[in-house]
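*Asks:* Attaching a single structure in structure tokens format; questions to follow.
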Amino acid sequence: MKNFINESNIPEEKEEYSANTSYVVNISKADREALQRMQSRYASLLIDKRMDEFSSFIKVILLNTYLYLTNMERDISEDIAKIAKKSYYKDLSDDFKKMISESSKEQDFIKELIRTRMLKADEMDDEGDEKEPYQFRLAKKDDEFLKYIFYGSTMPLTEYLTSLLDYFISATYTTKQTILYYQILLSCKRCVKDEICIMVNGRKLIPVQIAKRDNLASFSAIWAFDRAANRLRRIHVTEISEFKVLYEYYSLSADERKVLSAMQKCDKVTISFDVVNTENRYVGRYTDQRMMRRLFYDVKYDEETKHVELTINSVARAIVKITHLKQLEKTDIANLNCSDNLKNFLQVMEETGINFRFPMPIQR
């Protein structure tokens with residue numbers, strides 16, 4: 001198993017597990033075949049070549065799912081605090097509210113209850129597809145981190161491991177991706193914090209920010225400077241075919257700092273325009289609020305004035321959108337405008353000469 005984690009990500013060890021002991025997960029034939037197909041796609045990135053076998057892939061899934069749930073990608077601290085303020089719970093003692101609303105053992109206990117409930121709630125329906133035991137060992141030194149998940153719950157060991165696997169199998173496609181790339185993203189997050197260079201798909205990059213998926217808590221992309229191409233790149237996790245930490249420290253130039261600062265101010269961008277050709281089916285789509293919200297845009301449309309205002313929570317999406325809209329200007333739309341933060345970002349990019357590029361092509 002490729003190691004993108006260290007001891008700081010893992011709870012304190014409580015007991016030893018023998019590398020010669022066999023462990024078991026229960027999995028149906030159909031799910032096993034589906035995971036084997038997935039293994040053929042992701043194994044080269046996630047598993048060392050010398051360990052390219054199905055059990056190694058299962059262990060990657062178990063460990064990444066454990067880390068994903070343990071870190072609670074949706075931070076529930078704020079949720080707990082809001083719930084504690086409801087009038088229904090007004091007679092709870094202030095000391096108890098404080099204990100569960102702030103980082104503490106009491107809050108950890110609440111989170112553990114939630115994690116266990118999530119795993120039990122996602123148990124798969126076995127009807128018509130009987131599960132079979134699949135056995136593996138901790139026979140390699142590379143697998144030593146896996147032992148930390150074995151006491152992550154009070155559930156029986158086989159049931160707990162099977163529940164972790166079932167959680168992954170029953171997850172949505174985007175959640176599966178986040179889980180599979182989870183250790184890479186954790187590693188990249190540390191590289192951003194410590195200002196360390198990375199190698200992605202044959203390119204040396206300077207990671208500067210982790211992007212979150214629209215309207216979701218889990219991160220899904222890396223913002224990085226590519227000095228060789230003088231570009232700011234946004235690399236989605238699914239584009240990563242090769243990842244390596246270079247352990248080479250970097251320092252941003254003055255121009256790079258300007259670009260990064262301008263980009264970080266574009267967490268919410270507005271774009272407005274007037275529809276002048278209502279017959280054009282393409283332009284008409286911008287007035288469909290349900291469709292726009294499915295694309296993660298908030299849209300306001302005035303039927304009388306034909307004025308449209310889009311609110312976008314992603315600078316990358318905003319740039320793509322305004323680029324497409326410029327092609328319709330003077331024919332289908334007029335008075336195209338955007339918020340000052342996006343104008344400033346585009347101006348800074350032009351002044352510094354740093355280009356913007358995404359997605360990142362994979363070098364093979």
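*Asks:* Show log10 I(q)/I(0) for the stretch 156-284 at q = 0.09, 0.10 Å⁻¹, two decimals, from a solvent-free Debye sum over equal Cα scatterers.
*Replies:* -0.39, -0.47
*Asks:* Compute the distance in nm between two label points, each set 7 Å from the Cα along the Cα-to-Cβ direction, one at Ser103 and one at Glu304.
*Replies:* In this crude spin-label approximation the distance works out to 5.2 nm.
*Asks:* For a protection proxy built on the mean count of beta-carbon atoms within 10 angstrom, sort 269-276, 226-233 highest first, please.
*Replies:* Numbers: 269-276: 19.0, 226-233: 16.6.
Top of the packing list down: 269-276, 226-233.
*Asks:* Hey, another quick one. At Met155 and Arg137, where each label point lies 7 Å from the Cα along Cα→Cβ, what is the point-to-point distance in nanometres?
*Replies:* With each label placed 7 Å out from Cα toward Cβ, I get 2.7 nm.
*Asks:* Further, regarding this structure: How large is ³J(HN,Hα) for each residue in the stretch 225-241, as worked out from phi by the Karplus curve 6.51 cos²θ - 1.76 cosθ + 1.60 (θ = phi - 60°), to whole Hz, x for Gly and Pro?
*Replies:* 8, 10, 5, 4, 9, 6, 9, 9, 10, 10, 10, 6, 4, 5, 8, 7, 10
*Asks:* Still on this model: Once you put a point 7 Å from the Cα of Tyr89 and another 7 Å from the Cα of Glu329, both along the Cβ direction, what distance in nm separates them?
*Replies:* For Tyr89 paired with Glu329, the spin-label model returns 5.0 nm.
*Asks:* Report ³J(HN,Hα) in whole Hz for each residue of the stretch 170-183, in order, from the Karplus equation J = 6.51 cos²θ - 1.76 cosθ + 1.60 where θ = phi - 60°; Gly and Pro get x.
*Replies:* With the stated coefficients, the stretch 170-183 comes to 8, 6, 5, 4, 5, 5, 4, 4, 4, 5, 4, 8, 4, 5 Hz.
*Asks:* Next question. If amide H atoms are built 1.01 Å from N in the plane of the peptide, which residues on other chains or at least 5 residues away come under 5 Å of the amide H of Gln209?
*Replies:* Answer set, sorted by chain and number: Trp223.
*Asks:* I need the peptides 84-93, 248-257 ranked by packing, meaning the mean over residues of other C-beta atoms within 10 angstrom, with the highest value on top.
*Replies:* Working: 84-93: 9.5, 248-257: 13.3.
Going by the mean number of other Cβ atoms within 10 Å, highest first, we get 248-257, 84-93.
*Asks:* Name the long-range amide H neighbours of Glu242: under 5 Å, sequence gap of 5 or more, or other chain; modelled H, no Pro or chain starts.
*Replies:* Asn201
Laboratory data are not the source of any read-out in this text; all were calculated from the coordinates shown. Treat the numbers as computed from the prediction; the structure is a model and nothing was measured. Cβ coordinates were reconstructed from backbone atoms using ideal geometry, including for glycine residues, and neighbour counts include every protein chain displayed.
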